[in-house]
Amino acid sequence: MALKDLPVDECLLQGNASCPGCPATIGLRLVLKALGKKTIMVVPACCTAVIESLYPYTSFDVPVMNIAFEAAAAGASGVEAALRQQGRTDITVVAWAGDGGTYDIGLQALSGALERGTNFIYICYNNQIYSNTGIQRSGATPFAAWTTTTVGGKTEFRKELGEIILAHHIPYAAQTCISYPEDLYNKIKKAMSIKGSKYVEILAPCPPGWRFSMDKTLEMGRLAVDTGAWSLWECENDVMTFNGKSKLLLEKKIERKPIEEWIKYQGRFSHLFKPELDEKRLQAIQEHIDHLWERYRKCYVKI
Amino acid sequence: MKKYIVETSLSYPKKGAMGKTGSWRVFKPVLDTKKCVKCLRCWISCPEASIHREKDNSVSIDYDFCKGCGICANECNVKAIVMEREKTKGK
Amino acid sequence: MTIMIDTGNRIAAKAAVMAKPEVVAAYPITPQTTLVEAIAEYVARGEYKGEYICVESEHSAMSACIGASAAGSRTFTATSSQGLLLMHEMLHWAALARLPVVMCNVNRVVGPGWNIWVDENDSISQRDTGWIQFYCSSNQEIFDTVIHAFKLAEHEKVVLPVMVNLNAFILSHTSMPAEIPDQNVVDNYLEKYIPKWKLDIDNPTTFGNIIGPAHYYRVRRAMQDAQLNAKKLIPQIAKEWMKLSGYFHGDLLEYYKCDGAEYILLSMGAIGAESKIAIDELQKAGQKIGLARVRVIRPFPVEDIIKLGKQADLVVIDRNISVGLEGALFTEVKAALYGQSDAKATGFIAGLGGKDVTYKDIETMCMKSMKGKVKEQELYGMEE
């Protein structure tokens with residue numbers, strides 16, 4: 001799949017309310033290119049509820065149901081059940097939620113829907129913060145990152161939601177990033193082709209939230225992968241495959257870049273560099289990522 | 001488009017639901033078509049779907065809605081797009 | 001037609017299944033459990049052919065009902081007490097979304113401490129969510145009201161969710177006979193569900209995006225209009241049902257021996273049923289007191305209360321307390337009378353925490369009121 005093979009049609013309309021350089025809209029365009037018009041989206045409280053724009057207009061050209069913050073997966077379960085009764089199995093039901101609505105407040109409903117094998121795709125666009133409420137910490141916020149509720153930097157490491165999802169043994173789970181459009185598109189297409197619960201998480205670097213220049217949205221995603229802060233993988237029927245650069249990193253065919261190469265561009269980590277270098281915390285972040293990849297290798301490298 | 005009678009918060013699709021968001025722009029992307037290699041990276045990267053793709057994969061910028069983020073210029077490998085400051089309105 | 005002798009929960013389940021919702025999403029909670037278990041049995045026997053989603057919480061139960069209803073399907077759920085409270089956010093959501101979800105709520109005490117018996121604080125505290133609320137006093141009424149609930153919720157002049165309340169154990173777990181009409185009678189009464197809006201790929205809309213004050217105000221006004229429409233429609237749809245089934249449970253209040261009464265007792269739910277015996281006894285003893293059992297609290301039957309106030313002084317029994325004020329029904333009755341009638345209203349709070357309220361207790365309360373010994377409202381039957 002090359003870029004020229006991606007469909008021209010857009011289901012996210014121009015002139016919406018997203019910030020300039022918004023990763024969610026880049027992701028939404030790609031996701032909707034893959035899904036097409038036969039899609040119903042369920043959206044909990046998150047930036048996308050704003051991106052939809054103001055009543056009585058919407059920037060979405062597919063049906064969208066907004067639902068309460070913790071309720072995306074449950075709402076989608078209801079939509080899916082109704083469509084099945086109506087014989088409309090040609091329609092793809094998608095929950096599209098942020099990391100706050102997925103890692104934190106919506107985790108129970110998500111776990112329930114996955115356990116029930118609900119036939120839908122749950123997509124988490126992860127910008128590692130509560131961005132819609134103005135940049136507060138979430139369970140996805142990395143260690144030491146500034147947010148408005150972790151003013152000196154977060155004191156805990158983020159949770160590995162991917163591994164929690166894998167424990168549900170659903171037929172398809174994947175991690176991708178907006179910076180890899182073909183990877184993202186292909187993963188949504190694959191999810192569409194599989195019956196049952198599918199989970200796709202998209203890393204979505206947020207310029208105002210992470211404090212970087214708005215033209216660097218995609219670059220921040222690529223650096224997250226290069227440094228191992230994020231990884232591209234898919235797990236189909238419990239068979240794990242790392243993709244693209246993450247595969248090369250896992251197999252040690254390329255060198256992982258030091259984490260500083262990613263965080264030095266982000267204002268949310270600036271307190272680690274000035275007024276003086278915070279070597280202790282920088283080292284802690286690097287060790288955490290090293291440890292994570294050691295574990296990945298133990299679990300997923302075939303000998 | 002069918003309008004529903006029941007009064008609840010139901011919204012209908014509209015291009016430019018928030019108006020012409022091109023007015024938000026401070027810097028504008030300027031495309032040099034001679035340099036463009038039709039790789040489509042700008043097209044797929046635009047958060048606003050404001051880079052139009054033609055049948056021959058050439059591209060053009062829709063200034064009505066482009067918010068001027070500069071991702072297209074940053075992603076262009078051949079520097080066919082550069083960002084230029086918008087002329088101040090009213091001058 | 002068959003006679004079914006069974007508990008309130010199982011008769012509610014029977015009615016729900018006969019209404020043929022396409023989606024049921026529910027979570028168990030005592031004392032609602034036997035209701036959802038009964039639906040599971042209908043599923044196992046192939047008598048219920050819709051989707052039955054066993055969700056992981058009541059919040060998700062209501063969220064799934066909202067999703068299913070928005071996708072254009074008839075939906076049903078049931079809950080009680082803590083479960084209803086957990087749903088609270090989504091109760092507002094369903095009503096503001098104008099989705100005709102039907103739900104049975106088994107009135108149970110709110111914890112802590114844990115107490116599974118009856119009082120009505122759970123549903124009373126949901127009055128402002130926009131749901132229509134019925135309170136039943138017999139298993140026949142439960143059956144009929146659940147059927148009415150679908151008709152009313154889906155009526156084009158209403159399009160609001162409806163809650164049918166039945167008291168814990170006294171109704172939920174007590175067997176009583178109920179006449180169950182044939183399926184074709186229910187099918188004729190409840191026509192095929194046509195949603196008033198839905199998530200439709202051929203006509204894409206976004207439900208619930210950001211809305212400004214002016215438009216939001218209009219949505220609220222439309223809900224208010226719909227509730228007021230329901231007030232007129234409740235007796236009307238009950239009359240239509242009576243023509244088919246023979247039973248009439250349809251007025252906003254059920255009147256019992258009110259002719260010539262100088263006092264009228266207002267009560268709800270199971271106390272309402274027990275009150276009939278008390279009224280019989282009191283009238284036998286020469287007291288001029290009748291009963292008006294309140295069946296519907298949203299929409300609130302203001303006009304009917306005023307009419308009662310023009311005839312008699314009122315005695316109100318609440319099985320709930322709005323802490324810091326008084327019983328909720330008492331407040332609302334007085335508000336209805338304000339400026340419209342000189343009737344005196346006195347009240348009692350009784351039966352909290354599931355404390356039994358017998359007809360003897362009701363007689364005692366009525367006598368105390370009629371003797372002018374109650375100033376405003378007092379707590380009855382509290383043991384020191």
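The values are calculated or read from the model by the stated rules, or taken from the named source; none is laboratory data. Please read all numbers here as calculations on a predicted model, not as lab measurements. With ideal geometry, Cβ positions are generated from the backbone for all residues, glycine too; neighbour counts draw on all protein chains shown. Accessible surface areas use protein heavy atoms only, side chains included; no ligands, DNA or RNA. Shrake-Rupley method; radii C 1.70, N 1.55, O 1.52, S 1.80 Å.
What to note about this one:
- Flag if C:A238 is assigned to a strand (DSSP E or B), of a type in the set (A, V, I, L, M, F, W, C) and surrounded by 17 or more Cβ atoms within 10 Å (Cβ to Cβ): no
- Note on region C:243-273: residues that are of a type outside the set (S, T, Y), surrounded by 16 or more Cβ atoms within 10 Å (Cβ to Cβ) and within 22 Å of the chain's Cα centre (by Cα) amount to 15.
- Scanning region C:66-89 for residues that are hydroxyl-bearing (S, T, Y), within 12 Å of chain A (Cβ to nearest Cβ) and under 14 Å from C:V106 (Cβ atoms) yields a count of 1.
- The number of residues in region B:55-72 that are closer than 13 Å to B:C39 by Cα, facing chain A (nearest Cβ under 10 Å) and of a type in the set (D, E) comes to 0.
- Close pairs (8 angstrom Cβ cut-off, 6 or more residues apart or separate chains): at negative phi in region C:207-230, aromatic (F, W, Y) and outside any helix (DSSP H, G or I) anywhere: C:F207/C:W197; C:N209/A:Y55; C:I210/A:Y55; C:I211/A:Y55; C:G212/A:Y55; C:H215/A:Y55
- Test: residue in region B:36-44 that is hydrophobic (A, V, I, L, M, F, W, C), farther than 18 Å from A:L13 by Cα and touching a residue at least 60 places away in the same chain (Cβ under 8 Å): no
- Reported count of residues in region C:127-162, each being outside any loop (DSSP other than H, G, I, E, B), of a type in the set (S, T, N, Q) and open to solvent by 10 Å² or more (accessible area, probe 1.4 Å), is 1.
- Count of region B:1-54 residues which are part of a strand (DSSP E or B), touching a Phe, Trp or Tyr at 6+ places or on another chain (Cβ under 8 Å), open to solvent by less than 30 Å² (accessible area, probe 1.4 Å) and more than 7 Å from chain A (Cβ to nearest Cβ): 2
- Verdict on C:L85 being over 30 Å from C:N184 (Cβ atoms), in the same structural domain as C:V164 (by TED's automatic domain parsing), in a helix (DSSP H, G or I) and without any contact (Cβ under 8 Å) to a residue 60 or more places away in the chain: yes
- Residues in region C:31-56 that are within 19 Å of C:N139 (Cβ to Cβ) and of a type in the set (S, T, Y): C:T33, C:T34, C:Y42.
- Of all residues in region C:139-157, those satisfying the criterion of being touching a helix residue (DSSP H, G or I) at 6+ places or on another chain (Cβ under 6 Å) and farther than 16 Å from C:A19 by Cβ are C:N139, C:K157.
- Residue in region C:240-259 that is farther than 30 Å from C:D187 by Cβ and out of contact with any strand residue (DSSP E or B) (no Cβ under 6 Å at 6 or more places or on another chain) present: yes
- Subset tally (residues that are farther than 22 Å from C:Q287 by Cα and open to solvent by less than 70 Å² (accessible area, probe 1.4 Å)) for region C:366-384: 1
- When residues of region C:52-65 are limited to those that are in a strand (DSSP E or B) and of a type outside the set (S, T, Y), the one farthest from the other protein chains (Cβ to nearest Cβ): C:C54
- Scanning region C:199-250 for residues that are aromatic (F, W, Y), closer than 24 Å to C:S73 by Cα and more than 14 Å from chain A (Cβ to nearest Cβ) yields a total of 1.
- Of residues in region C:34-51 being out of contact with any Phe, Trp or Tyr (no Cβ under 7 Å at 6 or more places or on another chain), within 14 Å of another protein chain (Cβ to nearest Cβ) and in a loop (DSSP other than H, G, I, E, B), the one least open to solvent (accessible area, probe 1.4 Å): C:G50
- Scanning region A:256-270 for residues that are surrounded by 17 or more Cβ atoms within 10 Å (Cβ to Cβ) and either under 26 Å from A:T148 (Cβ atoms) or over 22 Å from the mean Cα position of the chain (by Cα) (or both) yields A:I259, A:W262, A:I263, A:Y265, A:Q266, A:R268, A:F269.
- Residues of region A:142-183 that turn out to be crowded, with 23+ Cβ neighbours inside 10 Å and without any contact (Cβ under 8 Å) to a residue 12 or more places away in the chain, as a count: 0
- As a summary of the residue check, A:D9 satisfies the conditions (1) in a loop (DSSP other than H, G, I, E, B); (2) more than 7 Å from every other protein chain (Cβ to nearest Cβ); (3) touching a residue at least 40 places away in the same chain (Cβ under 8 Å) except for the one numbered (3).
- Among the residues listed as C:V374, C:V333, C:V315, the single one being assigned to a helix (DSSP H, G or I) and farther than 22 Å from C:W117 by Cβ: C:V333
- Any chance A:I40 is at pLDDT 95 or above, touching a Leu at 6+ places or on another chain (Cβ under 9 Å), within 7 Å of another protein chain (Cβ to nearest Cβ) and under 21 Å from A:L110 (Cβ atoms): yes
- Subset tally (residues that are part of a loop (DSSP other than H, G, I, E, B) and among the hydrophobic types (A, V, I, L, M, F, W, C)) for region C:3-33: 2
- Test: residue in region B:57-67 that is in a strand (DSSP E or B), β-branched (V, I, T) and under 28 Å from A:F60 (Cβ atoms): yes
- Considering A:A224, A:A144, A:A140, A:A174, the condition of being away from chain B (no Cβ under 14 Å) and over 13 Å from the mean Cα position of the chain (by Cα) is satisfied by A:A144 alone.
So that you can scan it fast, the table gives a plain yes or no per residue for (1) open to solvent by less than 30 Å² (accessible area, probe 1.4 Å); (2) outside the structural domain of C:T30 (by TED's automatic domain parsing); (3) free of Cβ contacts under 8 Å to residues at least 40 places away in the same chain; (4) not in a helix (DSSP H, G or I):
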| position | (1), (2), (3), (4) |
| --- | --- |
| C:L291 | yes, yes, yes, yes |
| C:L308 | yes, yes, no, no |
| C:Q340 | no, yes, yes, yes |
| C:F348 | yes, yes, yes, yes |
| C:D356 | no, yes, yes, yes |
| C:T364 | no, yes, yes, no |
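- Complete set of residues in region C:174-184 that are touching a helix residue (DSSP H, G or I) at 6+ places or on another chain (Cβ under 7 Å) and open to solvent by 30 Å² or more (accessible area, probe 1.4 Å): C:T174, C:M176, C:E179, C:Q183
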